[in-house]
């Protein structure tokens with residue numbers, strides 16, 4: 001206990017401010033069993049998360065992007081142990097979550113929360129807004145009576161809602177207002193770490209910016225740490241300090257947001273960025289696009305070697321190197337703080353694919369590159 005500070009501190013519930021890592025995952029795996037036959041015998045496993053190692057620094061926002069089904073939401077839930085890991089470790093402020101008892105984990109829930117993707121499905125339609133926001137306060141016995149009611153009103157005001165709405169039900173609100181209720185519920189126990197599981201994907205474009213600005217304002221005012229999961233690369237760039245790119249259960253690139261967008265080190269990241277339109281016709285014409293052919297391989301039977309090689313444009317350009325098919329690349333530093341899981345990440349960095357070219361190179365129409373199936 002002395003390692004966590006003064007002797008009277010509870011290592012589970014007390015906070016330890018600083019600049020170091022808040023959340024760490026090492027070799028994290030989450031597999032879902034596949035069964036068959038009348039006896040439901042195990043015939044395999046869906047490798048939703050398959051050996052992820054990452055760090056989320058205190059006070060930062062880590063943006064997590066990738067295609068549908070790559071394991072983003074499963075990873076987010078495993079980091080706060082809403083999903084039990086199959087293997088590996090998750091440490092929160094130095095504590096190994098996988099070794100905590102149910103009672104210790106329950107107390108730790110105060111320090112980590114989640115905002116769900118569906119702002120309607122995540123709210124109980126039979127409960128009033130006041131009851132929804134007050135539920136975590138009651139669960140952790142933080143306040144009661146008038147103090148609890150006052151805390152609920154403060155939370156609604158904090159997320160931009162009228163405190164008079166406490167007697168209304170979720171169906172009486174718009175999608176953006178319902179998501180604000182979800183944010184208020186997550187903030188009710190004064191957490192340090194919040195998993196934002198695609199919090200804007202179900203909202204109108206005009207509302208998405210408001211929720212993003214709200215999350216950024218709350219992070220600044222309350223000193224929060226976020227894992228921000230999204231398909232929207234522009235939103236991730238706007239809110240994130242660092243970006244992690246996920247493909248088929250593995251993180252293939254991680255680094256500072258500016259570096260990841262200006263000069264991606266993994267062919268998959270360049271393919272994602274090439275699909276994002278640039279609001280400048282001249283710059284848009286100058287870019288080399290990547291058109292990925294074929295579907296994402298099954299997470300129940302990922303390909304050997306690099307999992308992206310079956311759709312990789314760089315693999316084709318380099319005349320299909322053998323190590324891409326046989327040796328799984330490790331996530332390694334390739335430039336500054338930028339890491340990529342690619343045998344030929346340096347060649348990707350030297351490429352002009354997926355990023356905006358210089359003014360001298362702006363000539364002619366975009367030249368698409370097709371990867372073989």
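The values are calculated or read from the model by the stated rules, or taken from the named source; none is laboratory data. From a predicted model like this one, the values you see are computed outputs, not experimental measurements. Counting neighbours? That spans all protein chains shown, and the Cβs are built from the backbone with ideal geometry, glycine included.
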Matching option when the condition is loosely packed, with under 13 Cβ neighbours inside 10 Å and either under 30 Å from residue 217 (Cα atoms) or under 18 Å from the mean Cα position of the chain (by Cα) (or both), among 66, 76, 27: 27
Residue under evaluation residue 160, criteria (1) surrounded by 14 or more Cβ atoms within 10 Å (Cβ to Cβ); (2) on the phi < 0 side of the Ramachandran plot; (3) out of contact with any strand residue (DSSP E or B) (no Cβ under 7 Å at 6 or more places or on another chain), criterion not met: (2)
Among residues of the range 205-234, those that are modelled with pLDDT under 95, within 24 Å of residue 339 (Cβ to Cβ) and in contact with a helix residue (DSSP H, G or I) (Cβ under 6 Å, 6 or more places away or on another chain), counted: 1
Members of the range 301-326 that are crowded, with 23+ Cβ neighbours inside 10 Å and assigned to a loop (DSSP other than H, G, I, E, B): 306, 307, 308, 309, 311, 312
Any chance residue 130 is at pLDDT 95 or above, in contact with a helix residue (DSSP H, G or I) (Cβ under 6 Å, 6 or more places away or on another chain) and not in a strand (DSSP E or B): yes
Test result for residue 94, modelled with pLDDT under 95, surrounded by fewer than 17 Cβ atoms within 10 Å (Cβ to Cβ) and touching a helix residue (DSSP H, G or I) at 6+ places or on another chain (Cβ under 8 Å): yes
Residue in the range 131-145 that is surrounded by the fewest Cβ atoms within 10 Å (Cβ to Cβ), counting only those that are within 17 Å of residue 163 (Cα to Cα) and in contact (Cβ under 8 Å) with a residue 24 or more places away in the chain: 135
Condition check for residue 333: assigned to a strand (DSSP E or B) and buried (at least 23 other Cβ atoms within 10 Å of the Cβ): no
